[in-house]
Amino acid sequence: MNMKQKQIDKKTKRMYVTHVSKYLRYNYTKPCVSIKKSLIAAENMICSAIMKEEKIDWAGITHFTSKLRRDYPEFIVDAQQYIGETIEVDVPTDMTPREYRIWYCTLTFDEAR
(Lines give C-alpha, C1' and ligand atoms only; values in the text may rest on other atoms or scores of the structure.)
Protein backbone atom coordinates (compact mmCIF):
# COMPACT_ATOMS: atom_id res chain seq x y z
CA MET A 1 0.00 0.00 0.00
CA ASN A 2 1.49 3.34 -0.97
CA MET A 3 1.44 6.41 1.29
CA LYS A 4 -1.25 8.17 -0.74
CA GLN A 5 -3.58 5.21 -0.30
CA LYS A 6 -2.68 4.98 3.39
CA GLN A 7 -3.66 8.64 3.86
CA ILE A 8 -7.03 8.05 2.21
CA ASP A 9 -7.76 4.96 4.30
CA LYS A 10 -6.78 6.38 7.68
CA LYS A 11 -7.65 9.46 9.64
CA THR A 12 -5.40 12.44 9.22
CA LYS A 13 -4.73 15.71 10.99
CA ARG A 14 -4.22 19.00 9.19
CA MET A 15 -0.77 20.42 9.86
CA TYR A 16 1.72 22.80 8.23
CA VAL A 17 5.25 22.43 6.86
CA THR A 18 7.55 25.19 5.66
CA HIS A 19 10.20 24.88 2.98
CA VAL A 20 13.71 26.10 3.86
CA SER A 21 16.64 26.52 1.48
CA LYS A 22 19.37 26.40 4.17
CA TYR A 23 19.24 23.31 6.35
CA LEU A 24 21.25 20.60 8.06
CA ARG A 25 19.25 17.54 6.99
CA TYR A 26 15.72 18.16 5.68
CA ASN A 27 14.42 20.94 3.47
CA TYR A 28 11.04 21.08 5.23
CA THR A 29 10.09 21.60 8.85
CA LYS A 30 8.38 18.88 10.82
CA PRO A 31 4.62 19.28 10.55
CA CYS A 32 3.35 21.85 13.04
CA VAL A 33 -0.16 22.62 14.30
CA SER A 34 -0.13 26.23 13.05
CA ILE A 35 1.48 28.34 10.36
CA LYS A 36 3.17 30.49 13.01
CA LYS A 37 4.76 27.45 14.69
CA SER A 38 5.92 26.16 11.34
CA LEU A 39 7.61 29.49 10.58
CA ILE A 40 9.32 29.47 13.99
CA ALA A 41 10.51 25.92 13.31
CA ALA A 42 11.87 27.10 9.95
CA GLU A 43 13.77 29.93 11.62
CA ASN A 44 15.21 27.48 14.15
CA MET A 45 16.30 25.06 11.41
CA ILE A 46 17.99 27.77 9.39
CA CYS A 47 19.66 29.30 12.44
CA SER A 48 21.01 25.88 13.40
CA ALA A 49 22.62 25.67 9.97
CA ILE A 50 24.01 29.21 10.30
CA MET A 51 25.38 28.41 13.74
CA LYS A 52 27.10 25.32 12.36
CA GLU A 53 28.66 27.42 9.60
CA GLU A 54 29.82 29.94 12.23
CA LYS A 55 31.19 27.04 14.35
CA ILE A 56 28.95 27.94 17.28
CA ASP A 57 28.31 24.91 19.48
CA TRP A 58 24.55 24.84 20.04
CA ALA A 59 24.32 21.16 20.96
CA GLY A 60 22.63 20.64 24.30
CA ILE A 61 21.19 24.16 24.55
CA THR A 62 17.92 23.98 26.44
CA HIS A 63 15.15 26.40 25.47
CA PHE A 64 16.80 26.80 22.07
CA THR A 65 14.03 28.98 20.59
CA SER A 66 14.08 31.62 23.31
CA LYS A 67 17.88 31.64 23.73
CA LEU A 68 18.36 31.91 19.98
CA ARG A 69 16.13 34.97 19.81
CA ARG A 70 17.75 36.54 22.86
CA ASP A 71 21.41 35.84 22.06
CA TYR A 72 21.46 35.76 18.24
CA PRO A 73 18.72 38.07 16.91
CA GLU A 74 20.82 38.80 13.82
CA PHE A 75 20.55 35.13 12.83
CA ILE A 76 16.75 35.36 12.93
CA VAL A 77 16.92 38.33 10.56
CA ASP A 78 19.31 36.46 8.24
CA ALA A 79 17.09 33.36 8.33
CA GLN A 80 14.18 35.16 6.65
CA GLN A 81 15.85 35.01 3.24
CA TYR A 82 15.91 31.19 3.38
CA ILE A 83 12.26 30.63 4.32
CA GLY A 84 9.99 29.45 1.52
CA GLU A 85 6.30 28.74 1.36
CA THR A 86 4.26 27.10 4.10
CA ILE A 87 1.84 24.43 2.94
CA GLU A 88 -0.93 22.41 4.54
CA VAL A 89 -0.39 18.68 4.81
CA ASP A 90 -2.59 15.85 6.03
CA VAL A 91 -0.55 13.81 8.49
CA PRO A 92 -1.88 10.31 9.29
CA THR A 93 -2.82 10.12 12.95
CA ASP A 94 -0.77 6.97 13.38
CA MET A 95 2.40 8.71 12.16
CA THR A 96 4.55 11.12 14.19
CA PRO A 97 5.43 14.49 12.67
CA ARG A 98 9.07 13.36 12.54
CA GLU A 99 8.14 10.18 10.63
CA TYR A 100 5.97 12.20 8.26
CA ARG A 101 8.78 14.64 7.49
CA ILE A 102 11.18 11.78 6.72
CA TRP A 103 8.60 10.27 4.36
CA TYR A 104 7.70 13.65 2.82
CA CYS A 105 11.32 14.67 2.22
CA THR A 106 12.25 11.35 0.62
CA LEU A 107 9.45 11.14 -1.92
CA THR A 108 10.65 10.16 -5.37
CA PHE A 109 9.12 10.60 -8.78
CA ASP A 110 8.29 7.43 -10.68
CA GLU A 111 8.72 8.16 -14.39
CA ALA A 112 7.02 4.88 -15.32
CA ARG A 113 3.61 6.29 -14.40
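The table below lists the values:
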{"quantity": "Lys, Arg +1 and Asp, Glu -1 on Cβ, resulting dipole of the chain about Cα centre, debye, nearest 20", "calculated": "420"}
{"quantity": "222 nm mean residue ellipticity, helices alone, for the chain (DSSP H n ≥ 4; -39,500 (n - 2.57); rounded to 500)", "calculated": "-13000 deg cm²/dmol"}
{"quantity": "In Hz, Karplus ³J(HN,Hα) per residue of the range 79-87 (6.51, -1.76, 1.60; θ = phi - 60°; x = Gly, Pro)", "calculated": "4, 4, 6, 9, 8, x, 7, 9, 10"}
{"quantity": "Structure-derived P(r) over Cα pairs in 5 Å bins from 0, in percent: which label, when the choices are [x] 2, 11, 16, 17, 17, 12, 9, 7, 5, 3, 1, 0; [y] 2, 11, 19, 18, 13, 10, 9, 7, 6, 4, 2, 1, 0; [z] 2, 11, 20, 21, 17, 13, 7, 5, 3, 1, 0", "calculated": "[z]"}
{"quantity": "Amide H contacts of LYS13 (H built 1.01 Å from N, under 5 Å, at least 5 apart or other chain)", "calculated": "VAL91, THR93"}
{"quantity": "Under 19 Å from the HIS19 label point (7 Å along Cα→beta-carbon), backbone N, the range 46-90", "calculated": "46-47, 79-90"}
{"quantity": "Rough spin-label spacing in nm, given labels placed 7 Å along Cα→Cβ, for LYS37 and ARG70", "calculated": "2.3"}
{"quantity": "Of LYS30/LYS67; LYS10/LYS30; LYS11/LYS36; LYS22/LYS67; LYS13/LYS52; LYS13/LYS55, pairs whose Cα-Cα distance is over 29 Å", "calculated": "LYS13/LYS52; LYS13/LYS55"}
{"quantity": "Per residue, in Å², the accessible surface of the chain once ligands and nucleic acids are set aside, probe 1.4 Å", "calculated": "68"}
{"quantity": "Solvent accessible area, Å² - LEU107, 1.4 Å probe, full protein context", "calculated": "100"}
{"quantity": "Helix axis angle, 35-53 relative to the chain longest principal axis, alpha carbon, degrees", "calculated": "60"}
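The values are calculated or read from the model by the stated rules, or taken from the named source; none is laboratory data. Please read these numbers as outputs of a predicted model, since none were measured by experiment. Ideal geometry is used to build each Cβ from the backbone, glycine not excepted, and the neighbour counts take in all protein chains shown. These area figures cover heavy atoms from the full protein model, side chains too; ligands, DNA and RNA do not enter into them. Shrake-Rupley method; radii C 1.70, N 1.55, O 1.52, S 1.80 Å.
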